[in-house]
């Protein structure tokens with residue numbers, strides 16, 4: 001009956017040993033004045049005594065014949081559904097995933113379950129990356145798919161253990177990560193010593209931020225980074241599209257609908273802004289797999305009417321995406 | 001029909017559950033956090049019992065004696081004889097993890113709880129009696145068969161699994177491919193109903209070994225209640241209360257349910273009065289509504305509780321019921337017309 005503000009949720013991912021627990025302990029001991037509830041995975045090892053740390057087995061509920069886009073985390077629904085009834089509600093939730101977990105169902109839980117949607121709002125996916133060893137995970141290990149997906153889902157990448165890697169290698173690594181995820185903010189850190197505002201106040205799923213796409217990453221691949229261009233056969237990549245002018249709203253709607261219907265399982269994140277013909281306002285959107293959220297982004301004002309979209313996913317066909325969108329232009 | 005408030009008590013938090021003792025002399029109040037309260041039939045607080053850590057889960061009375069069992073997220077289960085003493089007669093550390101459900105068998109010989117995927121049955125003194133094979137995921141609810149106190153159903157991802165005490169394998173399993181969150185067993189033992197993660201209800205007819213799937217709800221179904229004659233199943237799942245007939249060979253199959261409007265927000269608690277067809281419905285709109293679906297779809301009486309009505313418990317004999325709200329109020333209400 002009361003309109004309580006929704007509680008922000010940070011989803012913390014990263015491989016074992018990357019520094020997730022170090023970051024969690026920093027968050028829980030920092031003097032930020034917030035009551036934080038932590039849902040840690042079954043292997044979690046938060047070292048401090050804290051009332052609202054709950055360990056859980058990651059339990060996936062398949063909701064529609066096993067479609068990845070329709071899976072949610074049953075344990076989160078159960079645990080958070082109970083905790084949210086407490087009068088002294090917490091101010092924030094952090095969900096720590098295991099190193100091998102797919103962040104998709106965690107994110108989707110807060111979009112697909114009505115109770116979760118009513119009470120919580122995903123602030124961001126934060127992925128802690130071990131600068132020294134991440135390439136092993138990305139390139140050679142059996143879990144390379146999971147490692148790439150964790151990078152791909154992130155709003156924030158914390159490049160941890162930077163003291164163990166030389167400056168040139170760090171530059172290369174950042175470039176490599178950018179190739180996978182052009183949207184994430186990258187912060188370098190040692191022992192996860194980082195301004196917590198970069199972790200807790202991100203607004204990665206806030207539509208107001210959907211248009212904060214660095215134009216640099218929308219340039220064609222070969223126009224930048226030519227000094228240190230390495231070829232990696234990434235099947236998880238970012239594809240940026242930028243086009244001036246207006247597009248046909250009905251065509252865009254049909255294109256996106258068909259795109260997520262046919263490729264939603266492989267699209268991890270998408271964000272963008274459209275200039276729709278006849279609409280004086282910007283239309284902004286963001287999505288996860290098959291879930292798309294769109295809103296009015298306010299008047300264009302003095303800005304040039306243009307469309308900008310970024311897809312992050314697996315086996316994305318850059319040309320087909322570009323062609324598909326350009327067919328929507330008027 | 002007039003509804004009179006005869007007592008109001010403030011609990012420490014959102015009221016998760018209410019339970020009257022078998023003779024109606026005591027009412028247990030389970031708030032989300034803080035002390036579990038023990039009230040008398042007029043709503044006077046007799047005792048405060050210790051909480052269960054981050055959150056309490058259940059406080060439930062023995063079906064035939066004044067024994068109370070409580071559990072919560074501290075993994076502990078306590079048994080009290082509240083008439084004699086307000087200190088626990090026994091405290092059992094069941095394990096590391098949350099105990100979210102607790103139910104006495106209908107004959108009072110056993111007490112069932114779940115710790116994650118484990119369904120655990122204790123005897124009435126709290127000593128281990130039976131443990132079954134692990135379930136597919138954490139058990140979210142359980143229900144004893146009112147007709148057979150040796151049969152129990154547990155629900156989780158994968159639907160419902162039915163066990164018999166002393167047997168190593170389930171005697172029935174209803175896996176519909178998704179997760180069930182709530183379970184109720186009809187008093188005649190014929191029907192088992194589950195409220196699911198998807199906005200649906202699954203209903204199993206044991207007499208025909210036949211599953212039914214009921215869809216079309218606006219939201220997840222958070223409340224299920226069979227009436228004491230097992231003739232009707234009331235379900236939430238949106239603003240309308242939907243009542244399904246459970247009589248005849250086919251029960252609800254092909255039947256048109258009664259839909260009861262009245263709430264402006266989701267129905268979240270349902271309870272039939274024993275021995276008659278009065279249905280109490282609690283809503284997120286703060287309204288308690290009494291229906292008599294057999295005669296009319298229109299509300300017979302309403303009471304504005306001011307905050308979501310999260311729990312309802314009818315007194316076993318007197319014309320009164322208790323409600324608990326999301327802001328921690330417990331109100332004992334009297335309905336004089338029901339005494340006639």
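Quick note: the coordinates plus some simple rules give every number you see, no bench work behind them. All figures in this text were calculated on a predicted structure; none of them were measured in a lab. Glycine also receives a Cβ, built like all others from the backbone with ideal geometry; neighbour counts cover every protein chain displayed.
Details
- The equivalent ellipsoid that matches the C-alpha gyration tensor of region B:239-291 spans semi-axes of 23, 14, 7 angstrom, in descending order.
- Debye-sum result for region A:265-330 in log10 I(q)/I(0), which assumes one identical scatterer on each alpha carbon, at q = 0.16, 0.18 Å⁻¹: -0.59, -0.73
- Projecting label points 7 angstrom from Cα along Cα→Cβ for residue B:298 and residue B:259 puts them 1.9 nm apart.
- The alpha carbon convex hull volume per residue for region A:1-160 rounds to 114 Å³.
- Region A:51-104: proportion of alpha-carbon pairs further apart than 16 angstrom, %: 49 percent
- Considered as an equivalent ellipsoid built on the Cα gyration tensor, region B:73-222 has semi-axes of 27, 17, 15 Å, the largest given first.
- The ellipsoid that matches the Cα gyration tensor of region A:4-90 has semi-axes, each √(5λ) in whole angstrom, of 24, 18, 11, with the longest given first.
- Scaled to the globular estimate 2.2 N^0.38 Å, the Cα spread of chain B, given as radius of gyration, is 0.93.
- Over 24 Å [Cα-Cα, region B:210-317], rounded percent: 18 percent
- A Gaussian network model of chain B, with springs between Cα atoms under 10 Å, assigns the largest mean-square fluctuation among B:94, B:201, B:309 to B:94.
- 10 °C / 1.306 mPa s Stokes-Einstein diffusion coefficient of the protein assembly as shown, Kirkwood radius on C-alpha pairs, µm²/s: 59 µm²/s
- Here the sum of -39500 (n - 2.57) over DSSP H runs of 4 or more residues, divided by the residues of the protein assembly as shown, equals -4000 deg cm²/dmol at 222 nm, to the nearest 500.
- Counting, for every residue in A:50-62, the Cβ atoms of other protein chains within 10 Å of its Cβ and taking the mean gives 4.
- According to the Kirkwood relation over distinct C-alpha pairs, the hydrodynamic radius of region B:106-170 is 11.7 Å.
- Note on residue B:8 and residue B:147: the extension gain reaches 46.5 nm, defined as 0.36 nm multiplied by sequence separation minus the Cα-Cα distance.
- Geometric extent, Cα atoms of region B:169-269 - Rg, Dmax (angstrom): 12.9, 45
- Sorted largest first, the principal axis extents computed over the alpha-carbon atoms of region B:52-150 equal 41, 35, 18 Å.
- Gaussian network model of chain A, springs between alpha carbon atoms under 10 Å - residue of A:265, A:286, A:31 with greatest fluctuation: A:31
- Largest-first principal axis extents of the Cα set of region B:148-217 (Å): 38, 24, 17
- Relative contact order, percent, chain B [alpha-carbon distance under 8 Å, six or more residues apart]: 14 percent
- Within a Gaussian network of chain B (alpha carbon springs, distance under 10 Å), most fluctuating of B:276, B:45, B:246: B:276
- Restricting attention to the protein assembly as shown, close to 80% of DSSP beta bridges with both partner residues there are antiparallel.
- Computed from the C-beta positions of residue B:90 and residue A:35 and an R0 of 25 Å, the FRET efficiency is 0.15 to the nearest 0.05.
- Ratio of Rg to Rh for region A:107-171: 1.13 [Cα atoms; Kirkwood radius as inverse mean 1/r over pairs].
- Length-normalised contact order for region B:30-189 - Cα pairs under 8 Å, 6+ apart - percent: 13 percent
- Annotation: region A:84-209 has a Kirkwood hydrodynamic radius of 15.7 angstrom, from the mean reciprocal C-alpha pair distance.
- Percent of Cα-Cα distances greater than 30 Å, calculated over chain A: 35 percent
- Largest-first principal axis extents of the Cα set of region B:1-116 (Å): 46, 30, 29
- Calculated on alpha-carbon atoms, Rg and Dmax of region B:18-74 in Å: 10.7, 31
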